[in-house]
Every structure is written in structure tokens, then in C-alpha cells.
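The values are calculated or read from the model by the stated rules, or taken from the named source; none is laboratory data. In this text the structure is predicted, and so the values were computed from the model without any measurement. All Cβ positions, even for glycine, are placed from backbone atoms using ideal geometry, and neighbour counts span all protein chains on display. Ligands, DNA and RNA are excluded from the accessible area calculation, which covers all protein heavy atoms including side chains. Shrake-Rupley method; radii C 1.70, N 1.55, O 1.52, S 1.80 Å.
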Amino acid sequence: MAKTKLARLVGRPTDVVICGGGLAGLTLARQLRRELPELDVVVLERTSRPLPAACHKVGESSVELASHYFSRLGLGGYLNARHIVKFGLRFFPGGGDLPLAQRCELGPDTEPVVPSYQLDRGVLEEDLRAMIEEDGATLIEGAKVSEVEVGRGADLHTLQVQHDGVTSTLQARWLVDATGRNALLRRTLKLARGARHRAHSGWFRVKGRLDISAMAPPEDHGWGDRPAASERWRSTNHLMGDGYWVWLIPLSSGHTSVGVVVHEPEHIFDDVRTLEAVRAFIRRREPALHAHLTDATVLDFRCLKAYSNGVARAWSVDRWALVGEAGAFTDPLYSPGSDLIAFANCFTVEVIKADIEGGDLASRVGELNRQYRAFVLGGLDVFVGTAPVYGHARAMATKIYWDNFAYWNFPCQYFFQRIYALRGDDHAAFSGVGIRFVEISGYVQKLLREWARMAPEGPTAGFVSMPSFPSLLVDAHLALQDKMSPAQTLEYMKSRAVQGQEILAELLLRIVQELGPSQGKELLARAGAADWGLEFGVERLDQEVL
């Protein structure tokens, strides 16, 4: 059947050929068929069904932006039925020397208003393959793209495709690289750009559910009585220490994903290069977790060296696009991988629309390339040099507060309100406020890094609700439900950026007051706070004597 489908494509150009049938390529195919049903969409994928459940790919955890994207694709009901509704992100910073119940726990205490999901990628991609065929896309499994000749100007793209020992030639008006880290076009066109963030990861799946609530006696420091203790297992749980963190993600198959992320220079790739190395690292750094993994049945293992990368551009007037990890990747801490898929897929649809309409494709490609790079670089800045913060419970709690505030108020609102669909000056109007959020975020990251370095502290038992009511953070989360016009969205973002500066000023003041005159002065110098343009009113300073 697949061979017949391939034969039918030879000799006639296809509107869009997507190389790669992973999450990025499959969701893009579904989006194209739903938004531009007049287009022929072909997906070429090397693997064939059936796909193994729970032993397939990393990237199981989604957050608000990506979940909103999946809902737009009509997948909300499916995700509720076939996958796990996530109970937010949960963090245990400070290192594993203490028993888990004696560490600070940061996370939600009620069901998040805006849903997100724990995804079994094997199940999801198996189901999506059937869905895109129902949508009218052509999926050819067991097909390897052996060679690509990128068309220039009005020329079509030419692909050599191997299938069942036969090589066929296909042509396409639009060529999309969704080949993941194989990065077909990024490598061919030399578009890869390095990242200042250097980190590595090794991960595996274990058979059965690994319930974090069972890792300490219920009576130990109220472990069993903490808010939502019975629902901890649905969170993406992060066990953290200086320069590392370990994830625990439940899968709908009933199994559990376990992964270790290490940052340089505190740790090296050899710490996660093999399954034995990863298990040894967990034994040293997270003994409570290690005790629950001793008898676990391991289903698979993978690792990635220096996983972060940027990209020079992801769209071209020559009608090609990069989506998913074929483009760029930042860091898995806040589960942003599927967010970048959502951005790249929607940007790809936008440039294809501009091409169909005969508009100014160069301008559309230029502004979306700039915005995508801004999201990638801004995202990387959140993780560069954060190793000491992971071992400092209060600094990590502050970081989570700020990172969520910035994420919900700019990237999420930009996506939820479809600002990317604006063009020219209407779209450019959002650049200034986006730059301001990145700028303030950079100051916050510097402040927290220096605080953690200068005043290290161990974790203390307790629970901190994130976000807690009432707070600006709760307001930002609830506002994700609001529908706003572009003008309203811009004013909303500007007002939140002003609040962001106020948060920065308050954090700086509180940390300096805690450190005292001598260390406080040193922190100001290390963080470069004199260049931040902050002002403190006399009334606010007078309050410190209280």
C-alpha cells in the first residue's frame, strides 16, 4: 500500500513534503490539512507502525502553550482520554543529601486552570499517524530521504526517497524538515548555531508507576499531609541539586520516565553517557530515588550530549522550513520542546499562507525568523549558568516565580492571542515589549545566580504553593483564559512588563537587605545592578525599618 502511494507521487509536484513523522511533522500535517485543505501534504517517515509504547522518545511533558496548540488541533478530548492530565511542574531543590520529606517542595496545590499533559510519545505518534491519514494527508512509512536538492527561487525542491529497496524522485513546492536531531536541512545548509548553554542528559523508562509520594514515610515532616500529596505522581517532578536535576514523568502506559540532566562545568557528559553512569549518579546524588529504582525493570536508555542549539533561520523565501528539533532546542527543565514545535508549526503555516496569497513572502519570513530566534535566545538565557540556583531552595523558588510570570505574560499571550498572524508594523509593535521582558529576565537570572553563589543554603522541610493565591502569578495564569484583541494584548503585555520591573526591584531590595551592607554591595557589583535603571521610592525604603 505504501509503495503504491509513493508511486502515485512520482512525476507530479506536491504542495508540501514534510520529512519526518515525529510529533512536529505529524502535528504540522494535521494543522495544514485543517487550515489549508486545498494543499497536498505528504509526510515521509523512516519508521513504521506499530510504535512501542513508553519506549519511544523523550519529550513526554507538555506545558500550557503546547497544550493550547494541541487543543486547537482538536486533540483536547483525545489527550484527556488517552494520556495523563498533568498536575503542573513540581520541584525539590537543594540536593539529595536529605531525605525527600525534609526538602522544600515547590508546586501546585490545586488543579491548574489551564491544562497540560503527560504524553506517552509512542501512543501519541501512533495515533497521530492514523489521524493525519483521516485528515487527508499522505503518510509513507519506511521511507528514507537519501538526498535533497533545495530549489532556489521558483525552482521546485527535489528529493531522492528510498523505500523497499527502490529509489524514487519526488518534487515539492514547500519542503519542511521535521527530522529531529538528524536535522536534514540544518546540516545541509549549515544553519546550526551554537549555544552558550552546555548541558547533557541521559534517560530511561522503568516498568510500572514510580510514585514519588511513596519515597518517604507519610508522617515524616507531614509528607503525607502536604497539599495534594496524593496527586504528586501526576506532576513532572524535578529532584534538584547544584548543576543537575532528575525528572520523573508518569506515562499513560503505566510506566515511568526517569532522566538526569547535568550542566557543565559542574558535571560532564560521562555522568550520563550510559545507563550504568546515570544510575550511579542517582545513587550518589539522589539516594532516596535510587532506593526505589534498585529493583525496577529498565525498558530502554538514551542520552544526548550538548543538547542545546540555535539556528540561523528556520524559514526561507526559497520555500523551506525547519520545525521541532530540526530547528532549535533550549533545555528540558520547563518542558518547552513542544512549545517550540507549536511556534515553528504556526509560523510555517503563516509563511505558506503568504506564499499562496502572493504577498510579501520575504517580509513575512524575515519577521517570523526574528521572532523565533528571539524566543530561542530568550529561552536559553533562562538556563545559562543556573547550576548554583538548583541547589538553593529559596533562589529556585524565586526563579520559578519569575520564569512563570514572564512565560505566561509574553510567549503564552503572544501565542494564545495569535499575534504571529499579524504582519508588518502591527507585528513589530510587540517586539519592544518582548525585548523588555527578555532584558528584565536576564537581570533576574543574574541576581539569583549571584545570590545562590554568595549565600549558599541547604533546603528545609516544607511546602511552597506555586502559584499561590493571591499573587501577580495567579493573575497571569488566570489571564490565559481571556480573549483579547491585538491592541488589548499589547497594553496587557506592557502593563505586565512594568510589574516585572517592580518585581525585580523588590527582589533586589530584599536580597540586599538580607545579605547586609558588605555582601549586599558585593552582590550589586557582581550582578551589575547599577546598569538596570531601577529606582526605589523613599516610602518603600522607609518601610524596611518596620
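Rolling a 1.4 angstrom probe over the protein heavy atoms, how many square angstrom per residue are accessible across the chain? Walk me through the numbers before you get to the answer.
Working: 21350 Å² over 546 residues.
With the other protein chains kept in place, the chain gives 39 Å² per residue.
Measuring r between the beta carbons of Glu147 and Ala7 and using R0 = 30 Å, the FRET efficiency lands at 0.95. Computed from the C-beta positions of Thr294 and Asp425 and an R0 of 60 Å, the FRET efficiency is 0.45 to the nearest 0.05.
How much FRET efficiency would the formula 1/(1 + (r/R0)^6) give for Ala154 and Arg187, where r is the Cβ-Cβ distance and R0 is 30 Å, rounded to 0.05? Once rounded, the FRET efficiency stands at 0.75.
Multiply the residue separation of Asp360 and Lys521 by 0.36 nm, subtract the distance between their alpha-carbon atoms, and state the gained length in nm to one decimal. Before the final figure, lay out the partial values.
On the way: separation 161, 0.36 × 161 = 57.96 nm, distance 5.26 nm.
Length gained between Asp360 and Lys521: 52.7 nm.
Projecting the Cα atoms of His163, Gly310, Leu124 onto the dipole axis of the chain, where Lys and Arg carry +1 and Asp and Glu carry -1 at the beta carbon, places His163 farthest toward the positive end.
Pairs from the table (Lys207/Lys483; Lys57/Lys483; Lys190/Lys353) lying more than 32 angstrom apart at Cα are Lys207/Lys483; Lys57/Lys483. Rounded to the nearest whole Hz, the Karplus-based 3J(HN,Hα) values (6.51 cos²θ - 1.76 cosθ + 1.60, θ = phi - 60°) of region 433-446 follow the sequence 5, x, 4, 5, 4, 4, 5, 4, 4, x, 5, 4, 4, 4, with x at glycine and proline. Extension gain, Gln499-Arg209: 0.36 nm per intervening residue step, less the Cα-Cα distance, totals 100.3 nm. A simple spin-label model places pseudo-atoms 7 Å from Cα toward Cβ; at Arg198 and Arg540 they are separated by 3.8 nm. Rounded to the nearest whole Hz, the Karplus-based 3J(HN,Hα) values (6.51 cos²θ - 1.76 cosθ + 1.60, θ = phi - 60°) of region 351-368 follow the sequence 6, 5, 4, 4, 5, 4, 6, x, x, 7, 5, 4, 5, 5, 4, x, 5, 6, with x at glycine and proline. Between the entries [x] 34, 27, 25; [y] 40, 29, 20; [z] 77, 37, 21, the label attached to semi-axes √(5λ) of the Cα gyration tensor in Å calculated for this structure is [y].
Within straight-line reach of Lys521, meaning a Cα separation under 23 Å, sit the following lysines at least 8 residues removed in sequence or on another chain: Lys399, Lys446.
Extending 7 Å from the Cα toward the beta-carbon at both Lys57 and Ile435 defines two label points whose distance is 3.5 nm.
Given an 8 Å cut-off on Cα distances and at least 6 residues of separation, report the relative contact order of region 109-180 as a percent.
About 17 percent, as a whole number.
Between region 218-285 and region 438-498, the alpha-carbon centres lie 24 Å apart.
Shown here for region 65-159: trypsin sites (Lys or Arg not before Pro) in loop regions (DSSP other than H, G, I, E, B) with at most 15 other Cβ atoms within 10 Å, namely Arg152. May I ask you to derive the relative contact order of region 274-366, considering only C-alpha pairs under 8 Å and at least 6 residues apart, and to give it as an integer percent? Value for region 274-366: 20 percent. Placing +1 on each Lys and Arg Cβ and -1 on each Asp and Glu Cβ, with no other charges, gives region 148-275 a dipole about its Cα centre of roughly 580 debye. Surface composition of the chain: carbon and sulfur atoms hold 51% of the protein heavy-atom accessible area at a 1.4 Å probe. Under 5 Å from the amide H of Leu299 lie the amide H atoms of Arg205, Val206, Lys207, each residue being 5 or more positions distant or on a separate chain, with H modelled from the backbone and absent for Pro and chain starts. Placing +1 on each Lys and Arg Cβ and -1 on each Asp and Glu Cβ, with no other charges, gives the chain a dipole about its Cα centre of roughly 1380 debye.
Under the classification rounded if a/c is under 1.5, otherwise prolate if a/b is larger than b/c and oblate if not, where does region 1-81 fall, given a ≥ b ≥ c as square roots of the Cα gyration tensor eigenvalues? Before the final figure, lay out the partial values.
On the way: a/c = 2.55, a/b = 1.45, b/c = 1.76.
Because a/c hits 1.5 or more and a/b fails to exceed b/c, region 1-81 counts as oblate.
A helix-only calculation puts the chain at -13000 deg cm²/dmol for mean residue ellipticity at 222 nm, using -39500 (n - 2.57) for each DSSP H run of at least four residues, averaged over all residues.
When only Cα pairs below 8 angstrom with a gap of at least 6 residues are kept, region 210-268 shows a relative contact order of 24 percent.
Between the residues Pro486, Gly142, Ile511, the greatest Cα displacement towards the positive end of the dipole of the chain, with unit charges on the Cβ of Lys, Arg, Asp and Glu, is found for Gly142.
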